[in-house]
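Trainee: Here it is, the structure in full.
The values are calculated or read from the model by the stated rules, or taken from the named source; none is laboratory data. On a predicted model such as this, the values are computed, not experimentally measured, just so you know. Cβ atoms come from the backbone with ideal geometry, glycine included; neighbour counts cover every protein chain shown.
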Amino acid sequence: MTNSSVLTIFGATGDLVRKKILPSLYSLYKSKELPENLKVVGYARRDFTGDKYNKFIDESLNKYLNIGTVDAKFYDLFEYVQGDLEEEAGYKKLEEVIKKYDTMCGENCIKLFYFSIQPSFYETVASKIAEFEFNNNGYRLLIEKPYGHDEQSAKNLDSRIKQYFSEDQIYRIDHYLHKKIVREIPEFRFGHSIIKSSWQPSEIKKIVISTKEDFGVEDRGAFYDALGTLRDVGQNHLLAIASLIIMDEYDLNKPEDFLEKRTEALKNIKILEEDEEIKNNTFRAQYEGYLNIENVEKDSKTETYFKARLFSSKEGWQEIPFILDAGKKLDEHKNVVKVYFETNVIFFEMYPNLEICIGKYDENSEQCLMKMDTEMSEHQYVEEYASVIKESIEGKRDYFVCIDEVLHQWKIVDAIVKAWHNNVVPLETYKPGTTPESNIN
Ligand code: BG6
């Protein structure tokens, strides 16, 4: 790990910072995994100057890490700058602060800008910081999803950001790629000869990738209503996992090969183009009561649950369905990936348990025979975001998302969304606490 870094967080008083970023920073701090010489500059509109930001840190750590007393030295890592994302004045103050730490930080200092803000501001912030010449090689952008809302908008956003930053300065986050069990998939597939030889299209019958949640949209009405489940988690998390399951073996010593193979796997996923294909292979539904949520359109047709059956067009894989399934207010909270073979099934469970299991199945049941537990962290988000922060500082790009992946993910999803807009697949409803039935299996 580099020993000096300046991490600037835009949106420093937001939810993501409170729930995930601060607890992760603290956990890295306690385990001494942060650069020796680190400064965290928080930037946001609210007046959190003086010791108000320390109070915000306290509240976050109390609530999300159950910490009674925060190690006082932790506060020293922070400096808060009050400013607006669009106004020059704030950036001027920020410039002073960054320059001050930059000088202290020295030559090999890694300077990161974390965009923990609404995606509609990504472009503005990138151009503002470039105006202050914070875009040479020493600077990196850490960007949350969604990157665009379809293929075209992702392309537009990317080309605007690329006026100032190159691809290798952009770290696009998909926090599923920082989950322990997701990381185990390539390791498990390619690291054991017995698994490697069975993990062949001739042996695999079906793949299921599912993230079911028993809670609802909560206070994210406007954000969610504009996206829906397919774009909220299907385009990114679920397709990212799919690529790990069907990708070709990569050269362990070449991180760029890992990215290429993942991208290639996505490229091979067949786009559902014909209405008939979309009708037969996708399903969407909305839970009863969704329309009463604040900032949700009263006649919204946004799905809160979807299921899709996709196929790869790669030779050998064409007949193997992989089923994506996700939603809110369902009967359970469970995230799991299942790979079915002739009579056996391998489960990669991310939630509520953290385990890999080799089991068997028949028409009526599925049974785990041999379980490999992975230590369950009390705070799974802390681990995931600690990995995001650590690896971006280290410049380890292999578990961040490259632009070609994002564009292919959107391409796959756009075709479905377009047909849904034309009502090719009717929107069903379901009762909260149930998972709607569909004929996609
Ligand atoms: C986010 C989505 O990306 O992932 C949320 O915006 C979803 O709607 C969340 O709840 C799921 O992540 P996890 O790690 O809790 O499964």
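Trainee: In the list LYS99, LYS111, which residue meets the criterion of being in the same structural domain as GLY11 (by TED's automatic domain parsing) and more than 24 Å from the chain's Cα centre (by Cα)?
Mentor: Just one listed residue meets the conditions, LYS99.
Trainee: Enumerate the pairs (first residue in the stretch 368-382 and at pLDDT 75 or above; second residue anywhere and part of a helix (DSSP H, G or I)) with beta-carbon separation below 6 Å, excluding pairs fewer than 6 apart on the same chain, so at least 6 apart or on different chains.
Mentor: That search, which allows pairs on different chains as well, returns TYR381/LYS20; VAL382/PRO23; VAL382/SER24; VAL382/SER27.
Trainee: Looking at the structure I just gave you, is SER193 among the small types (Gly, Ala, Ser) and in contact (Cβ under 8 Å) with a residue 40 or more places away in the chain?
Mentor: Spelling it out, it is not the case that SER193 is among the small types (Gly, Ala, Ser) and in contact (Cβ under 8 Å) with a residue 40 or more places away in the chain.
Trainee: Among the residues of the stretch 222-234, write down those that are surrounded by fewer than 22 Cβ atoms within 10 Å (Cβ to Cβ) and either within 9 Å of the ligand (Cβ to nearest atom) or β-branched (Val, Ile, Thr) (or both).
Mentor: PHE223, LEU227
Trainee: Now a separate question. I'd like the full set of residues that are of a type in the set (Ser, Thr, Tyr) and part of a helix (DSSP H, G or I), limited to the stretch 105-139.
Mentor: Passing the criteria: SER120, TYR122, THR124, SER127.
Trainee: Report, by residue number, each residue of the stretch 83-104 that is of a type in the set (A, V, I, L, M, F, W, C) and assigned to a helix (DSSP H, G or I).
Mentor: If the condition is that a residue be of a type in the set (A, V, I, L, M, F, W, C) and assigned to a helix (DSSP H, G or I), then ALA89, LEU94, VAL97, ILE98, MET104 are the ones that fit.
Trainee: Give the residues of the stretch 53-82 that are in contact with a Lys or Arg (Cβ under 9 Å, 6 or more places away or on another chain), part of a helix (DSSP H, G or I) and exposed (fewer than 14 other Cβ atoms within 10 Å of the Cβ), sorted by residue number.
Mentor: Listed by number, the residues that qualify are GLU59, LYS63.
Table: residues versus (1) away from the ligand (no atom under 12 Å from the Cβ); (2) touching a residue at least 12 places away in the same chain (Cβ under 8 Å).
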| site | (1), (2) |
| --- | --- |
| LYS206 | yes, yes |
| THR211 | no, yes |
| ARG220 | no, no |
| ASN236 | no, yes |
| ALA240 | no, yes |
| MET247 | yes, yes |
| PRO255 | yes, yes |
| ARG262 | yes, yes |
| ILE269 | yes, yes |
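Trainee: Pick out the one residue from LEU324, LEU354 that is within 16 Å of the ligand (Cβ to nearest atom), over 29 Å from TYR290 (Cα atoms), hydrophobic (A, V, I, L, M, F, W, C) and assigned by TED's automatic domain parsing to the domain that holds VAL182.
Mentor: It is LEU354.
Trainee: Something else about it: Examine the stretch 153-166 for a residue that is among the hydroxyl-bearing types (Ser, Thr, Tyr) and at pLDDT below 95, and state whether such a residue exists.
Mentor: No, every residue in the stretch 153-166 fails to be among the hydroxyl-bearing types (Ser, Thr, Tyr) and at pLDDT below 95.
Trainee: Here is a list of conditions, (1) within 16 Å of the ligand (Cβ to nearest atom); (2) of a type in the set (D, E, K, R); (3) not assigned by TED's automatic domain parsing to the domain that holds LYS307, and LYS334 meets all of them except one; can you say which number that is?
Mentor: Every condition holds for LYS334 apart from (3).
Trainee: I've got another one for you. Can you tell me which residues in the stretch 337-355 are at pLDDT 95 or above and of a type in the set (A, V, I, L, M, F, W, C)?
Mentor: Residues satisfying the conditions are VAL337, VAL339, PHE341, VAL345, ILE346, PHE347, PHE348.
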